Structure formats: C-alpha cells, structure tokens
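Contents: one structure, followed by commentary.
The values are calculated or read from the model by the stated rules, or taken from the named source; none is laboratory data. The model shown is predicted, which means the values in this text are computed figures rather than measured ones. Every residue, glycine among them, receives a Cβ derived from its backbone with ideal geometry; neighbour counts consider all protein chains shown. Side chains included, ligands, DNA and RNA excluded: accessible areas come from the protein's heavy atoms. Shrake-Rupley method; radii C 1.70, N 1.55, O 1.52, S 1.80 Å.
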Amino acid sequence: MAKQNSDSRRAFLKNSLGALAAFTIVPRHVLGRGYLAPSDQLTKAIIGTGGMGRGHFGYAGTRVVALCDVDRSHLQLAMDQLGDKSKGVKTFSDYREVITLPEVDIVHVATPPHWHGIIAADAARAGKDIWCEKPMTATIGEGKRLVEAVQQHGRIFRLNTWFRFEDRFYGMGTTVKPIKKLVDSGLLGWPLKVTVSKHTGFDWKFYWVGKTNLDPMPVPKELDYDMWLGPAPYRPYNPHRVHQTFRGYWDYDGGGLGDMGQHYLDPIQYFLGKDDTSPVSVEVDAPQQHPDAVGTWRRITYTYADGCQIILDGDGADEKAAYIEGPKGKLYPGFRSDIPDLEKKLAAFPDPAPQQIDFVDAVKNRRKFALNEENGHRSATLVNMGKIALRLNRSLKFDPVKQEFIDDAGANALIYQPMRGPWTI
C-alpha cells in the first residue's frame, strides 16, 4: 500500500509538472522604464508558518505568494503578519498542492526536520528551487536522496544556516572568514582539534529534552495532527510533542544537537576543508537515551581520517579548552591566540576565496549557492552521526565514501529510518 501511494504521489507530480511553464527572468527594460517586472522579484511559497517560517517574509528580492501549514492558527498568524501584502496570497494545508503552483519559484521548507527531506525532494522534482531550514534532513539516508533529487532536476538549493558567510560566529567574536584564513595559513599546524562548548562560546541548549510521561490529550481542532506527524511513527497527541517543543523527541529532531548542531558545525566543516567528506568515527559519552525522549550528553568526539577532531563538550568539563588547538598554536574566543602578533602574521596570507552568498542571484543566474545540497548534507551528517551514536550509546566507525557505518547493522538501520505510509523519499 505504501508503494502504491508513493507511486500515485509521484504520478500526481509528473502530471502536474507537464502543465508548468519554464521559469524565465524578464529583463526590466522590456517592460519600460520604472516598471518592476514580476520576475525581478522571485516568488516563494513558505511551507511551515511557525516562528521560523514567519520570520522570512521580507527577504530582499522575493515575494510571498503561497503559505502552507497543517495548523490553521499558524496560517492565520502568518496572514495577519503579512497584512496588506496578504492580498492574493494562497493558503494550503497540504504541501503537495503548493509545489505544483506555476507561479512559485522558490519553496521555503520551514517545517520540523522530519519533513525536510520529503518536502524538499518533492519540490525539486516539481521544478522548484529550495530554501531549507536546518538541520537539512533528519537522517543520513534522507540527505543522500535529497542530494540526488536536487541534482537530477537541476535545482538551486540553499540551507539556511549562514555562519560560514558574514554573521558574527557566536562566542568567537568574529566572522568565520579570519578563522578560515588562519586555518589555511598553517600557522596553527595540522591536524587540528576544535572544541565546541559553553566555554568556547556555544550553548548546547539542553532545555530541548523530551518528557517520558506524556498523557494522551485531544487534538486541537485547528491542527491536522496526522499530517503533522507525516512519516514519523504514530504517537498519541500531547502538546509537548509539537510546535515549540518538538525538538525533544527523536521522531522529529535531536534536542540541542539537532537544533544548534548545523549552525555550530557547518562553519567548522568549511574552515577545516571537509566539505566533501565526513569523519571516520564518532565516540559518545552520555547517559543511556530514552527511545522516544531526547536526553542530555557529556561529550561527542568526531575524528577524521587525517586526525582532525571536533569535540562537542556538553557539560563544559574542559573549562580551559581552546576553540581550535593545533601543534603550533591555539585560538580562543574573541580571536585571542597564544601565537605572538597573530594578526600581523596573518596579514601576509591571502583571504579565503569569495563565496556565492546571494540566493536571489544564485537562482536567477543558476549559480550554485555557497551552502548547498552537497556540503549541507555533509554538515547535517555530522549531526545525524552524533544522534545515531547517542541513541545506540556506543562509538561507531564510518565510511565517508559509502556513507555507511562499518560492521554495525544497528547503526546502519538508522541511516534510513522506516517511514509511516504513504510517505517515502
């Protein structure tokens, strides 16, 4: 039945796509001086209109034309927030209707993570470019299939974590650019160890933990709870499982690691030059996790083939840890270092290569965005490797080429988690 429904879903997409016109940019001068061509602003649909979805209405160069949410109260909040700009905006409760709208250029996926892979892959098959919230996918397997869908259909994909670009990088007191320049210079030596903890400026938000004693409660009339669950296993409704507190449950995310992991780890992947690979092992030090509710952890250690490590210090045990430590020097929050005259020495080295960080330009000119489906999948894999090791409470070996765990059937079973029918990716 699941395969039959999945085939029907793909047939629906295929038939709908046949009626869509190709996306083109109309030059402004063709329409006359002072006239803003509709195609000068990319049109977008936002799927998931909770706080994150509603926070992206005003992105420069785009215009909202459709909204989708399984909670009618969220849709109403979104329309109210748009105010006068809500005129003509279409609303939906099923994303499958949204992604076939011919007037939509970009689909913004702002749902809980257990929906990211399915919706983004379906949007790619429907010929839409994609802006996706973090974590990119809830599992490694969904990430691999999303990469395939985006590339097979020639789409532009942006993952919405921006710290490898221009924003101040948490407690480091600087953007990532000078950190990348320092690492590339070799002044710290190699291999490097990066420690991510409250002492180096990164809060793991352990308040995102689940509850193990939830009582079943009536589903609010405005919420389509079955559609909210989607591919996740059926669990009786309780408000703590949905909306603002869903991150505390393995079915939908991974606690503080799922929430902040890609924000913290994607820039590390970038400045270590690991955008095309993954660690060969992950070690965990944590209490036994509940099978449903996410708990806390003390330490997660990733090791790459060349000896580089990323340490996630959950309990802040190492109060004196440097953010980056190499055989020749250390870097601390605030861009402090034990290397004398670091900034003067660093000035002699070239800046990192420029990045494509304008998403509107990337879409209009079909240029790959700086944080895309490929490197985004690799940094999401860091998060998902950690989640699997925590859930199994054991250290794991990983093949970064095959993207499989080595000699561990239990871990590999969590690469592609079963999905509740009719959902597949």
Apart from one, (1) open to solvent by 10 Å² or more (accessible area, probe 1.4 Å); (2) closer than 18 Å to Trp228 by Cβ all hold for Val109; the odd one out is (1)
When you go through Asp226, Asp203, Asp184, Asp251 one by one, which is the residue that is over 20 Å from the mean Cα position of the chain (by Cα), over 21 Å from Gly326 (Cα atoms) and assigned by the TED database to the domain that holds Ala322? Asp226
Count of residues meeting criterion [open to solvent by less than 20 Å² (accessible area, probe 1.4 Å), part of a loop (DSSP other than H, G, I, E, B) and closer than 25 Å to Trp250 by Cβ] in the stretch 293-336: 4
Against the conditions (1) out of contact with any His (no Cβ under 9 Å at 6 or more places or on another chain); (2) touching a residue at least 12 places away in the same chain (Cβ under 8 Å); (3) closer than 18 Å to Leu182 by Cα, where does Val280 fall short? Just the number, please. (3)
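Please determine whether any residue of the stretch 387-397 is open to solvent by 40 Å² or more (accessible area, probe 1.4 Å) and either under 21 Å from the mean Cα position of the chain (by Cα) or without any contact (Cβ under 8 Å) to a residue 24 or more places away in the chain (or both). Give the derivation first.
Restricting attention to the stretch 387-397, the residues satisfying the condition of being open to solvent by 40 Å² or more (accessible area, probe 1.4 Å) are 391-395, 397.
From the residues that got through so far, the ones that are either under 21 Å from the mean Cα position of the chain (by Cα) or without any contact (Cβ under 8 Å) to a residue 24 or more places away in the chain (or both) too are 391-392.
Yes, that holds for at least one residue.
Yes or no, residue by residue, for (1) hydrophobic (A, V, I, L, M, F, W, C); (2) at pLDDT 95 or above; (3) assigned to a loop (DSSP other than H, G, I, E, B); (4) surrounded by 22 or more Cβ atoms within 10 Å (Cβ to Cβ):
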position	(1), (2), (3), (4)
Lys3	no, no, no, no
Asp7	no, no, no, no
Phe12	yes, no, no, no
Ala19	yes, no, yes, no
Ala22	yes, no, yes, no
His56	no, no, yes, no
Val65	yes, yes, no, no
Asp80	no, yes, no, no
Thr100	no, yes, yes, no
Are any residues in the stretch 223-247 touching a helix residue (DSSP H, G or I) at 6+ places or on another chain (Cβ under 6 Å) and either small (Gly, Ala, Ser) or open to solvent by 60 Å² or more (accessible area, probe 1.4 Å) (or both), and if so, which ones? Gly230, Ala232
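Can you tell me which of Thr212, Thr200 is outside any helix (DSSP H, G or I) and open to solvent by less than 40 Å² (accessible area, probe 1.4 Å)?
Values: Thr212 fails: open to solvent by less than 40 Å² (accessible area, probe 1.4 Å).
Among Thr212, Thr200, only Thr200 is outside any helix (DSSP H, G or I) and open to solvent by less than 40 Å² (accessible area, probe 1.4 Å).
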